[in-house]
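The values are calculated or read from the model by the stated rules, or taken from the named source; none is laboratory data. For clarity, every value in this text was computed on a predicted model and none was experimentally measured. No Cβ is skipped: glycine too gets one built from the backbone with ideal geometry, and neighbour counts run over all protein chains shown. Only protein heavy atoms, including side chains, enter the accessible area calculation; ligands, DNA and RNA are left aside. Shrake-Rupley method; radii C 1.70, N 1.55, O 1.52, S 1.80 Å.
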Amino acid sequence: MLAAGASSRYGVSPPKQAVLLPNVLDALRASSSVDGIIVVLGAHDVATDERTVRCADWELGPGASLRCGLAELPDDTEAALIVLADGPDLDPRAVDRVVESWRTDGGDAVAAAYGGQRLHPVLLGKAAWSTIPDEGARGLDARLVDCDDLTPPGDIDVRR
């Protein structure tokens, strides 16, 4: 889970990661497809019971944060599911669909789509990890998985 940004538009006290992270974690825990969770932190410390990794290069963008998180995975990991901490409406069924699509049809990058718009979660097969651009997974072509019947995860930049 990427949670490294400065949350400057949201406000830093408390940072949006601290407010929104619990909902996203609950969705991941409710999924039947997630084996473990790593939260990538950067600008702010955020309390969580999940494993965290601090990305010193977080200011370089989401690609740097993603590369930090991927570097922490065990060598035998075949794929990683990426979600954003500022998507509090993440539906565990979207997680399961993306993972199942990858298990069934393979691919280096698979992403949830809502109304034809690519959002998250995004699953990256190991072959894609060395190609992560600075803009992160959104800079990679991905096969889309229809999640039109689900609520999009959201992208909260300002306080509700």
Å² of accessible area per residue within region 25-111, as computed with a 1.4 Å probe and no ligands counted: 49
Largest-first principal axis extents, alpha carbons of region 61-111, Å: 29, 27, 16
Within-12-Å neighbourhood charge of Ile37 [Cβ basis; K, R +1; D, E -1]: -3
Normalised contact order of region 94-160, rounded percent, pairs of Cα under 8 Å and 6 or more residues apart: 36
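Given region 100-160, report the % of alpha carbon pairs whose separation exceeds 18 Å. Could the numbers behind the result be given before it?
Working: 713 of 1830 pairs.
Cα-Cα pairs in region 100-160 separated by more than 18 Å: 39 percent.
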Contact order relative to length of the chain, as percent, for alpha carbon pairs under 8 angstrom and 6 or more apart: 27
Compactness of region 47-139 as Cα Rg over 2.2 N^0.38 Å, two decimals: 1.07
Heavy-atom SASA rank of Cys55, Cys68 (probe 1.4 Å, accessible area, largest first): Cys68, Cys55
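Given Cβ point charges of +1 (Lys, Arg) and -1 (Asp, Glu) and nothing else, what value in debye, to the nearest 20, does the dipole of the chain about its Cα centre take?
Once rounded to the nearest 20, the dipole reads 360 debye.
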Cα convex hull of region 28-92 - mean projected area over all directions, nm²: 4.9
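When the helices in the chain are scored as -39500 (n - 2.57) per DSSP H run of 4 or longer and the sum is shared across all residues, what 222 nm value do you end up with, to the nearest 500 deg cm²/dmol?
Working: 3 runs with 39 residues, N = 160.
For the chain, the value works out to -7500 deg cm²/dmol.
How fast does the chain diffuse by Stokes-Einstein, in µm²/s, taking the Kirkwood radius from C-alpha pairs at 4 °C and 1.567 mPa s?
83
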Asp141-Asp57 pseudo-label distance in nm [points 7 Å out on the Cα-to-Cβ vector]: 2.5
Those Cys residues of the chain for which no other cysteine Cβ falls under 4.7 Å: Cys147
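Would you work out what percent of the accessible area of region 1-139, with all protein chains in place, is carbon or sulfur (probe 1.4 Å)?
Numbers: 3070 of 6580 Å².
Solvent-exposed carbon and sulfur of region 1-139 make up 47 percent of the total.
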